[in-house]
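**Q** First the structure, then my questions, so here it is.
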Amino acid sequence: MSETVTVALSKGKLLAPTLALFHRAGYGAKDLPSNDRRLVFEFPQFGVTFLMVRPSDVPTYVEYGAADVGVAGKDLLLEQNRDVYEPLDLRIGACRIAVAALKGREFPNRLSSKLRVATKYPNITERFFNQQGIPVEIIKLYGSIELAPVVGLAERIVDLVSSGRTLRANNLIETDVIAWSSARLIVNRASLKMKHTVVTTMINRLRESRPRASVLRELE
């Protein structure tokens, strides 16, 4: 019997394109029941088991070996800095990590005090503004980041941006792009050694099955 690879997948909007990609690569069903409350889906005929977890938890499951492989956004990998192997850009879930401000307030005078920034990415935000030599006070939020400048909670936000429609709807404008993000395949370092053949085969199949053209800049 061949070895099974356990894959941690993100719940939410990234799930459907990820399952479609794995399906094209020969790993199980394209769709899973939307009303199913199970968190573990086994496909022994394909040698794979899928775990459904919160996006922010995928790198943790992979780092500690609860999953051999995972799919996580580059934004999370930059924020969390987990000890995992990152062999492949899957070229799905394209977006950018951007700084935004209220239109007309892009250039406030902050010579004598800190710039207040709301974000769910405190580590990315702090690194970026430190590199710019700008002192910041970071306010961590978990949702509705765009509201912060509107109500005066913060002068800047750092958040994921795809189409930019939500920013425009709230009279916000991008001032900087910190990094480009897409879904990445990540691998537990021990699993890469212990299950080398099946994990390497999965990496190669996904590489051949991902979208051929990437519009993303490679992140440093």
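The values are calculated or read from the model by the stated rules, or taken from the named source; none is laboratory data. What you see is a predicted model, and the numbers here were worked out from it, not measured in a lab. Reconstructed Cβ throughout: ideal geometry from the backbone, glycine too, with neighbour counts over all protein chains shown.
**Q** Among the residues of segment 1-24, count how many are among the hydroxyl-bearing types (S, T, Y) and without any contact (Cβ under 8 Å) to a residue 40 or more places away in the chain. Let's see the steps before the verdict.
**A** So the first thing to find is which residues in segment 1-24 are among the hydroxyl-bearing types (S, T, Y), and the list is 2, 4, 6, 10, 18.
Add one more test, that the residue is without any contact (Cβ under 8 Å) to a residue 40 or more places away in the chain, and what stays is none.
Qualifying residue count for the region: 0.
**Q** Let me ask something additional. Given the criterion of a type outside the set (K, R) and assigned to a strand (DSSP E or B), identify the matching residue among A66, A8, A29, A20.
**A** Values: A66 fails: assigned to a strand (DSSP E or B); A29 fails: assigned to a strand (DSSP E or B); A20 fails: assigned to a strand (DSSP E or B).
Only one candidate qualifies: A8.
**Q** Which of the residues belonging to segment 148-197 are within 17 Å of the chain's Cα centre (by Cα), of a type in the set (G, A, S) and buried (at least 19 other Cβ atoms within 10 Å of the Cβ)?
**A** S181, S182, A183
**Q** Looking at this structure, is D75 exposed (fewer than 14 other Cβ atoms within 10 Å of the Cβ) and not β-branched (V, I, T)? Please lay out each step first, then the result.
**A** Working: exposed (fewer than 14 other Cβ atoms within 10 Å of the Cβ): no; not β-branched (V, I, T): yes.
No; evaluated as a whole, the condition is false for this residue.
**Q** In this structure, does V99 turn out to be outside the structural domain of T18 (by TED's automatic domain parsing) and farther than 23 Å from R184 by Cβ?
**A** Working: outside the structural domain of T18 (by TED's automatic domain parsing): yes; farther than 23 Å from R184 by Cβ: no.
Spelling it out, it is not the case that V99 is outside the structural domain of T18 (by TED's automatic domain parsing) and farther than 23 Å from R184 by Cβ.
**Q** Here's another thing I want to ask about it. Out of all the residues in segment 111-127, is one or more acidic (D, E), over 15 Å from the mean Cα position of the chain (by Cα) and either surrounded by 15 or more Cβ atoms within 10 Å (Cβ to Cβ) or modelled with pLDDT of 95 or more (or both)? First the steps, then the outcome.
**A** Going residue by residue through segment 111-127, those that are acidic (D, E) are 126.
Keeping just the survivors that are over 15 Å from the mean Cα position of the chain (by Cα) gives 126.
Filter once more, so that each one left must be either surrounded by 15 or more Cβ atoms within 10 Å (Cβ to Cβ) or modelled with pLDDT of 95 or more (or both): 126.
So far as segment 111-127 goes, yes, one or more of its residues are acidic (D, E), over 15 Å from the mean Cα position of the chain (by Cα) and either surrounded by 15 or more Cβ atoms within 10 Å (Cβ to Cβ) or modelled with pLDDT of 95 or more (or both).
**Q** So which of R37, R91, R96 is touching a residue at least 12 places away in the same chain (Cβ under 8 Å), among the charged types (D, E, K, R) and in a loop (DSSP other than H, G, I, E, B)? It would help to see each step written out before you state the result.
**A** Numbers: R37 fails: touching a residue at least 12 places away in the same chain (Cβ under 8 Å); R96 fails: in a loop (DSSP other than H, G, I, E, B).
Just a single option satisfies the conditions, and that option is R91.
**Q** Further, regarding this structure: So V99 ticks every box in (1) more than 24 Å from N171 (Cβ to Cβ); (2) at pLDDT 95 or above but one. Which box is left unticked?
**A** Failing condition for V99: (1).
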